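I have placed the structure first, in the form of structure tokens, so that the comments after it can refer back to it.
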Amino acid sequence: MARTPSNMLALETKAPNFVLPDVTSGINKSLNELKGNKGTVVMFICNHCPFVIHVNEALVAISKHYMDLGINFIAISSNDVVNYPQDSPERMKIHAKENNYPFLYLYDENQEVAKAYDAACTPDIYVFDDDLQLVYRGQLDDSRPGNSIPVTGNDLRHALECLLNHTENTKPQKPSIGCNIKWKE
């Protein structure tokens with residue numbers, strides 16, 4: 001299990017726009033269509049990564065809670081499906097349904113969106129304000145597969161509470177750790 005840290009895109013970076021297919025509906029969706037009225041969370045995930053599997057339940061619970069408060073969540077898989085067929089759009093669709101994803105799961109076939117966000121691992125989490133300016137990037141929490149720390153989502157929850165309350169997030173932002181994005185050769 002590779003342990004790749006996120007690259008920590010500079011705060012206040014404007015969210016790069018994208019148009020990607022939603023694997024469940026097959027319809028192309030843009031960031032501007034999907035952004036929340038109070039904020040937007042963009043998550044790079046995939047089906048097979050043990051780090052993502054470890055936090056899937058928390059991602060679903062957190063997203064359900066905060067989507068009701070005006071923050072939209074968007075999941076993107078950018079993995080090379082030739083070498084990692086378990087991350088194919090067909091399997092992404094099944095995975096989204098089996099895990100009850102309340103958010104759209106988009107497929108970044110040419111990996112341009114992952115490159116635009118400087119994404120490095122799964123999960124890689126970015127929180128943008130209502131103007132799509134980056135206010136948080138990094139880990140969900142300190143839990144990792146095998147470290148016996150419970151999954152709480154505390155780091156992400158804190159960032160989202162700061163966003164909703166219009167307060168500065170003064171907590172240190174730690175990189176996420178996960179499997180590297182499976183880049184095409």
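The ranking of Arg144, Arg3, Arg157 by Cβ neighbour count inside 10 Å, starting from the fewest, reads Arg3, Arg157, Arg144.
Placing +1 on the Cβ of every Lys and Arg and -1 on the Cβ of every Asp and Glu, with no other charges, gives segment 60-185 a dipole of roughly 360 debye about its Cα centre. Maximal additional length on extending the Val19-Ile94 stretch stands at 24.9 nm, based on 0.36 nm per residue less the C-alpha distance. Calculate the length of the line joining the C-alpha centroid of segment 11-88 to that of segment 126-166, in whole Å. Between the Cα centre of segment 11-88 and that of segment 126-166, the gap is 14 Å.
Just checking the listed ones, Cys49, Cys121, Cys162: in the Gaussian network model of the chain with Cα springs under 10 Å, the one fluctuating most is Cys162. For the residues Val81, Val41, Val23, a GNM of the chain with alpha-carbon springs under 10 Å puts the largest fluctuation on Val81.
Radius of gyration over Kirkwood radius for segment 1-104, both on Cα atoms: the Rg/Rh ratio is 0.94.
Legend: ranking of residues His65, His166, His95, His54 from fewest to most surrounding C-beta atoms inside 10 Å; resulting order His166, His65, His54, His95. For a 4.7 Å threshold on C-beta separation, the list of partnerless cysteines in the chain reads Cys46, Cys121, Cys162. A full extension of the chain between Met67 and Glu168 corresponds to an added length of 34.3 nm, given 0.36 nm per residue minus the alpha carbon distance. Note on the chain: semi-axes of the ellipsoid equivalent to its C-alpha gyration tensor, largest first and rounded to whole Å, are 22, 19, 16. If the segment from Asp142 to Asn83 were pulled out straight at 0.36 nm per residue, it would be longer than the present Cα-Cα gap by 18.3 nm.
Report the paramagnetic label zone for Glu12: residues of segment 107-132 whose backbone N is under 18 Å from a point 7 Å from Cα along the Cα-to-Cβ axis. Answer for segment 107-132: 127-132. Counting every other Cβ atom within 10 Å of each residue's Cβ, Val127, Val135 order from fewest to most as Val135, Val127.
Taking every DSSP beta bridge that has both ends in the chain, the antiparallel portion is near 65%.
Each value in this text was obtained by applying a stated rule to the coordinates, not by laboratory testing. Because the structure is a prediction, the values reported are computed rather than measured. Note: ideal-geometry Cβ built from the backbone for every residue, glycine included; neighbour counts use all protein chains shown.
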